[in-house]
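The values are calculated or read from the model by the stated rules, or taken from the named source; none is laboratory data. This structure is a prediction, so every number in the text was calculated from the model and none was measured. We place every Cβ from the backbone using ideal geometry, glycine too, and count neighbours over all the protein chains shown.
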Amino acid sequence: MNNLFNLTPRQKLTRARVLLNRSHPFFARLTMLMKFVEMPEIQTMGVDANGVCYYNPDFVDSLSDDELMGTLCHEVMHCALDHLARGEKKEPNIFNIAADLVINDMITANGLKLPKAGLIPHSHRYKLKLPDGNDLLIEDIDKRGAEGIYTQIKNAWKNQNGQGQGNGSGDSSQQGFDKHIYGKSSGQDKDVAGRDSDFWKNKIVEADMSSKMAGKSPLGMNRIVDSITNPKMSWKQLLQRYVRANLPFDYTWSRPNKKTYSSGIYLPNVEKQGIHIVFLIDTSGSMSEKELKEAFGEIMGIVKTIHGVTLHVIYHDTDVYEGSSLLNPTAQDIMKELKNCKGGGGTDFTTAYKYLEEKVKDADVFIHFTDGYDRFPKKFNKPIIICLQSSGKNIDTVKKEVHYGKVIKVEG
């Protein structure tokens, strides 16, 4: 492939992540967790459970930018979906096919390109060539997990030779383009050691939330995210997760990547930024003192765990009242703010949300503590997390009303 900018393979990988950040922020956020290791003895590319991506430099050099972007997404999704642990005790060639079909269906549905050697579904269907030459039609891939597809392929293979053992499809062209490194990684790299299923689940939800706020949510992720967030989880854990999903990061050209700059190539560096959080607190008459203390207690919890917080407190009943704006506030600052609560009248969410849209321009995320006893606006075009107090309105009722942001029920 003609390398227009004469980039090294490592620089091409960096460039691919930059391009992904512009067009597909969900996948870009996950690929930022990968560590690249050059390995000429591997034929193409492979990844382990910790997100260490091993690559053959000639393979990387052979790919276009579009193909490399799709390939990085393919690799990191094996980690994010925990395929390398889930497939450890299964017949590897069959599970390779099943896992690749699930991931490639998602990647191509989002307009990304893959190398020609990949197993590429069309309209969520794929015809797999069995060893006897017959086709096995695999359908509804977007609605299925790797295990279900694995079972379908394995049963078809078993029906042919009377046993469940073997290599699955004997056609090497149907084995995909990459290497799957099953089981736990050796963990020798301290930067990525010990990443488990929960780590990747958290990162999926963070990436999903972040991409939704950017208006670029990927197709096919709702089912996966729902399966992660539906199990019982502390409301505080969920709130922390959703806030962290909005931690800004970007590429900066003012401080270029030192490794590439020294070789005469000008590529950006990753820059993590502070976060501006607006807490909108319902101080209407229906909110008890206990619930207001809950709200301020969680404000303290978030500030303690995230560095570089600008905290802007706003109160509302039927009117809106400005509270304090604090940089890296202490517990003392927050307790002082609690004494300055304003309100105590009726409730009007529409007025409060209109104020946020018109008056607050630079917040990264809004958090609304409320009992939910008013009608929410039909639209709100900013990232918001609604925390319903323990004695508040039923969460399912609110979710039917609200088609934006996230809704959490505070546990009593």
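Structure summary
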read-out: Failed item in (1) of a type in the set (K, R); (2) modelled with pLDDT under 90; (3) under 18 Å from V278 (Cα atoms), with K409 passing the rest; value: (3)
read-out: The range 316-346, residues that are under 34 Å from the mean Cα position of the chain (by Cα) and assigned to a loop (DSSP other than H, G, I, E, B); value: N328, P329, T330
read-out: Test: T8 is in contact (Cβ under 8 Å) with a residue 12 or more places away in the chain and touching a Leu at 6+ places or on another chain (Cβ under 6 Å); value: no
read-out: Residue under evaluation T330, criteria (1) surrounded by fewer than 15 Cβ atoms within 10 Å (Cβ to Cβ); (2) modelled with pLDDT under 90; (3) within 19 Å of S288 (Cβ to Cβ), criterion not met; value: (3)
read-out: Subset of the range 360-412 [free of Cβ contacts under 8 Å to residues at least 40 places away in the same chain, exposed (fewer than 14 other Cβ atoms within 10 Å of the Cβ) and part of a loop (DSSP other than H, G, I, E, B)]; value: K361, R375, K378, K379, N381, N394, H403, G412
read-out: Flag if D319 is surrounded by 14 or more Cβ atoms within 10 Å (Cβ to Cβ) and closer than 22 Å to I408 by Cβ; value: no
read-out: Segments classed as helices (runs of 4 or more DSSP H), wholly inside the range 40-157, with at least 1 members that are touching a Gly at 6+ places or on another chain (Cβ under 6 Å) and not charged (D, E, K, R); value: 65-80, 92-109
read-out: Residues of the range 20-39 classified as among the basic types (K, R) and either in a loop (DSSP other than H, G, I, E, B) or on the phi > 0 side of the Ramachandran plot (or both), total; value: 0
read-out: Which listed residue is modelled with pLDDT of 85 or more, surrounded by fewer than 20 Cβ atoms within 10 Å (Cβ to Cβ) and either of a type in the set (A, V, I, L, M, F, W, C) or over 28 Å from F27 (Cβ atoms) (or both), from G297, G285, G264, G301; value: G285
read-out: Yes/no for T347 being in contact (Cβ under 8 Å) with a residue 60 or more places away in the chain and farther than 18 Å from V278 by Cα; value: yes
read-out: Tabulated pairs, the range 29-57, first more than 25 Å from M209 (Cα to Cα), second aromatic (F, W, Y) and at pLDDT below 90, C-beta under 8 angstrom, 6+ apart or interchain; value: T44/F177; M45/F177
